[in-house]
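Reading through the C-alpha cells given below for one structure.
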Amino acid sequence: MSNSPLVEYTLISPHRTSPRAYPITKITIHHMAGNLTIEQCGNLFQKRQAASNYGIDSNGRVGMYVEEKDRAWCSANYDNDHRAVNIELANDGGEPNWHVSDKAIAKCIELCVDICLRNGIKKLNFTGDASGNLTQHNYFCATACPGPYLKSKFTYIADEVNKKLGASVLPQDTPTQVICGFASKGDLSTFAALFKDLGTAAIYPKEGYIASAIALSRGDQKKVVDLGASLGVPVQVYETEATYGTPVPRNIYVNQVEPFTDDLYCRTEPNLSRSTRLGFVTPGIYNVYEVNDARQDLNNGYLWYRIEDKLWIPEGDWLYYYPAEEIPADDKDKKIAELQAENEKLLQENAVLKGSLETAENNLKIVRSSLNVATSDLQDIAVIADEYKA
Ligand SMILES: [Zn+2]
C-alpha cells in the first residue's frame with residue numbers, strides 16, 4: 001500500500017493500529033474544528049489520543065500523520081477506520097458554520113482522486129449515510145464533525161472526484177499497480193515512449209512527475225525499473241492489493257481450479273487481447289462456472305475457465321484442476337448441511353476474535369494514556385530537580 005505523493009509534511013502519530021485489517025475501500029472527510037496548519041495538526045495528533053491519515057490546511061497543503069497501510073484512530077468505528085482513509089480539513093471560519101477554504105476543498109478533491117486511483121476505488125458513492133464509500137464522522141458517533149459547511153459540500157466533492165476518475169486515461173477495472181518516478185523533461189519523453197511501447201498509459205499529475213496506474217505485468221514493470229536505473233531516475237513500484245477474484249472453500253461437487261501464482265492475468269473475456277486484461281487473479285480455489293475451449297484458435301490458444309461473472313483464467317501449469325467428485329444424491333444434502341454448519345462456526349469464531357481484538361486495542365489505548373501521564377509527571381519532576389540544583 002502506498003501513500004500520496006501530494007504530502008508536503010509528515011509527522012507520524014502513535015495513535016494508529018498497524019497494519020489496517022482490510023484493504024482501503026472508503027474515504028472519510030472530517031473537519032479540524034480550528035484553523036490549524038498541517039504542522040499544528042501533526043503536533044496535536046502526537047498528544048491527543050486520535051489521528052487521521054491526512055490533513056489539509058486552509059492553504060491547501062497536505063500533511064500525513066498515519067500511513068495508508070495503517071488504521072488511524074479517527075472515526076471511532078472499527079469497521080470504518082480499518083477500511084477508510086481519514087482526511088481532516090482545516091476551518092477558516094468558526095462556529096456555527098465551520099467554513100472551509102476553497103483551496104482546502106480543491107486539494108481534498110485532488111487527494112481523493114489520488115487515493116482512489118492508487119487503491120483501485122472506481123467511484124465515490126455518497127449516499128448520505130454509512131452505507132456509501134464516502135462517509136462522515138457523525139455517521140458513527142455523536143459529533144458535530146464535519147460541520148454544516150463541509151457537510152453541504154459532500155455531493156460536490158463526490159461528483160468532482162468521479163468526473164476526474166471517469167475522465168482519466170485509466171480504463172475502468174485495471175489499476176492494479178502504480179509506478180511513479182521523478183524525471184527531467186528529456187527523461188520524461190523516454191519514459192513516455194516506453195509506456196507507449198508497453199501499451200500502457202502514462203499520466204502526468206505535475207511537471208517532472210511520472211505515474212502509470214495501468215496494470216503492468218511483472219516483466220513490463222521490470223522494464224520501467226531498468227529504464228529508471230539506466231537514467232538515474234528513482235522509480236518506485238507500489239503493489240496495491242487490487243487483485244481480482246474471490247476464492248471459495250474446497251468442496252467436492254463442482255469442478256474447481258486453484259491458481260497458485262500471483263501474476264496470472266484474469267480477463268473479462270476468454271481471449272488474450274490486451275483490452276481484456278483486468279488485473280491479477282487472487283490465488284485460491286474457485287468454482288468453474290463455464291469452460292471455453294479456444295485451443296484451436298492460434299491467437300488465444302488456451303482452455304479458459306470462467307470463475308466469476310466476467311472473470312476468465314487460462315488453463316496452464318499455474319493452476320490445479322479438481323474435478324467434481326460423484327457423490328450419491330442422498331449424501332449431497334447432508335454434505336451441503338455439513339459445509340454450511342462449518343461455515344457458520346467459522347463466522348462465529350471470527351466474530352469472537354474481532355471482539356477480542358477490539359478489547360485489546362482499547363486496553364492498549366488505556367496503557368498509552370497512562371504512559372503519557374507518567375511521562376509528563378517525570379518531566380515535572382525533572383523541572384523541580386533542576387530548580388533544586390539551581
Ligand atoms: Zn471527525
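The values are calculated or read from the model by the stated rules, or taken from the named source; none is laboratory data. Computed from a predicted structure; not experimentally measured. Positions of Cβ are backbone-derived with ideal geometry, glycine not excepted, and every protein chain shown enters the neighbour counts.
I'd like to verify a number: residues in region 81-134 that are within 16 Å of residue 36 (Cα to Cα), of a type outside the set (D, E, K, R) and surrounded by fewer than 23 Cβ atoms within 10 Å (Cβ to Cβ), how many?
Here the count works out to 6.
Which pairs have Cβ atoms under 6 Å, sit 6 or more apart or on different chains, and link a residue in region 318-342 that is modelled with pLDDT of 80 or more to one that is among the β-branched types (Val, Ile, Thr)?
Going by the 6 Å Cβ cut-off, the qualifying pairs are 318/261; 319/257; 321/257; 324/254.
Here are 198, 194: which of them is over 30 Å from residue 285 (Cβ atoms) and at pLDDT 80 or above?
194
Are any residues in region 266-297 under 23 Å from residue 198 (Cβ atoms), buried (at least 17 other Cβ atoms within 10 Å of the Cβ) and out of contact with any Ser or Thr (no Cβ under 9 Å at 6 or more places or on another chain), and if so, which ones?
Answer for region 266-297, where residues must be under 23 Å from residue 198 (Cβ atoms), buried (at least 17 other Cβ atoms within 10 Å of the Cβ) and out of contact with any Ser or Thr (no Cβ under 9 Å at 6 or more places or on another chain): 271, 272.
Among the residues that make up region 38-45, is at least one of them aliphatic (A, V, I, L, M) and within 12 Å of the ligand (Cβ to nearest atom)?
There is no residue in region 38-45 that is aliphatic (A, V, I, L, M) and within 12 Å of the ligand (Cβ to nearest atom).
Hey, among 76, 106, which residue is in the same structural domain as residue 130 (by TED's automatic domain parsing) and part of a loop (DSSP other than H, G, I, E, B)?
Among 76, 106, only 76 is in the same structural domain as residue 130 (by TED's automatic domain parsing) and part of a loop (DSSP other than H, G, I, E, B).
Those residues that are within 14 Å of the ligand (Cβ to nearest atom) and part of a helix (DSSP H, G or I), I need them from region 114-140; list them, please.
If the condition is that a residue be within 14 Å of the ligand (Cβ to nearest atom) and part of a helix (DSSP H, G or I), then 137, 138, 139 are the ones that fit.
For region 141-157, which positions are more than 20 Å from residue 57 (Cα to Cα) and either crowded, with 19+ Cβ neighbours inside 10 Å or away from the ligand (no atom under 16 Å from the Cβ) (or both)?
155
Scan 112, 141 and give me the residue that is in contact with a helix residue (DSSP H, G or I) (Cβ under 9 Å, 6 or more places away or on another chain), within 23 Å of residue 51 (Cβ to Cβ), assigned by TED's automatic domain parsing to the domain that holds residue 30 and not aromatic (Phe, Trp, Tyr).
Just one listed residue meets the conditions, 112.
Where in region 228-276 are there strands (runs of 3 or more DSSP E), lying wholly inside it, with at least 2 residues that are in contact with a Cys (Cβ under 9 Å, 6 or more places away or on another chain) and either among the aliphatic types (A, V, I, L, M) or at pLDDT 75 or above (or both)?
235-239
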